[in-house]
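Below is one structure; the comments refer to it alone.
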Amino acid sequence: MAVRIVRLGSPRSPDEGLRVGTVRRPPRGVPKREFAARDFYDVWLPNLAPSEQLLKRGQIAANEREWKAFERAYRAQMKDADAARVLDLLAALSHNTNFAVGCYCADEARCHRSILRELLLARGARVA
């Protein structure tokens, strides 16, 4: 049992389980009924996505200093009580079932999902 951190839209791994989209917006041009079939996500959970303003900052981060500023701000957003409870829930679930969380970004190193991985690990999650 574990949580996988994935790129939404990528082929699913065997035994991946439920795929959760931690993104601000649904995929463009894809009918809602096709989200799961096209390997985007089964459940949308924008609660763990960066705010719209912060997302834009992360996307244009041109150097390590700007990326670290994005990371600090995203971590601060994830300290919000609602986000923290969701992270705690996902960490606990990772010990009992397989599931995945993800985002659309091609480069995980420059995506909030890399930070999400660290936040889940810090809460004791089993991460594949």
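Values computed for the structure shown
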item: Members of the stretch 110-124 found to be within 23 Å of ASP39 (Cα to Cα) and either in contact with a Phe, Trp or Tyr (Cβ under 9 Å, 6 or more places away or on another chain) or in a loop (DSSP other than H, G, I, E, B) (or both), listed by number; result: ARG110, CYS111, HIS112, ILE115, LEU116
item: Flag if TYR41 is crowded, with 17+ Cβ neighbours inside 10 Å, in contact with a Pro (Cβ under 7 Å, 6 or more places away or on another chain) and touching a residue at least 24 places away in the same chain (Cβ under 8 Å); result: no
item: Complete set of residues in the stretch 72-84 that are of a type in the set (Gly, Ala, Ser) and surrounded by fewer than 15 Cβ atoms within 10 Å (Cβ to Cβ); result: ALA76, ALA81, ALA84
item: Hits in the stretch 1-34 (condition: of a type outside the set (Lys, Arg), assigned to a strand (DSSP E or B) and open to solvent by 60 Å² or more (accessible area, probe 1.4 Å)); result: LEU18
item: Search result, residues across the stretch 106-125 that are open to solvent by 60 Å² or more (accessible area, probe 1.4 Å) and under 15 Å from LEU55 (Cα atoms); result: ALA106, ASP107, ALA109, ARG110
item: All positions within the stretch 47-81 that are assigned to a helix (DSSP H, G or I) and under 17 Å from ALA122 (Cα atoms); result: LEU48, GLU71, ARG72, TYR74, ARG75, ALA76, GLN77, ALA81
item: First in the stretch 61-80 and among the acidic types (Asp, Glu), second anywhere and surrounded by 11 or more Cβ atoms within 10 Å (Cβ to Cβ), Cβ under 6 Å, 6 or more apart; result: GLU71/ILE115
item: Answer residue from the stretch 85-105, given it is of a type in the set (Gly, Ala, Ser) and assigned to a helix (DSSP H, G or I) and is least open to solvent (accessible area, probe 1.4 Å) among those; result: ALA91
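The values are calculated or read from the model by the stated rules, or taken from the named source; none is laboratory data. All values derive from a computational prediction rather than experimental measurement. Reconstructed Cβ throughout: ideal geometry from the backbone, glycine too, with neighbour counts over all protein chains shown. Heavy atoms of the whole protein, side chains included, go into the accessibility calculation; ligands, DNA and RNA do not. Shrake-Rupley method; radii C 1.70, N 1.55, O 1.52, S 1.80 Å.
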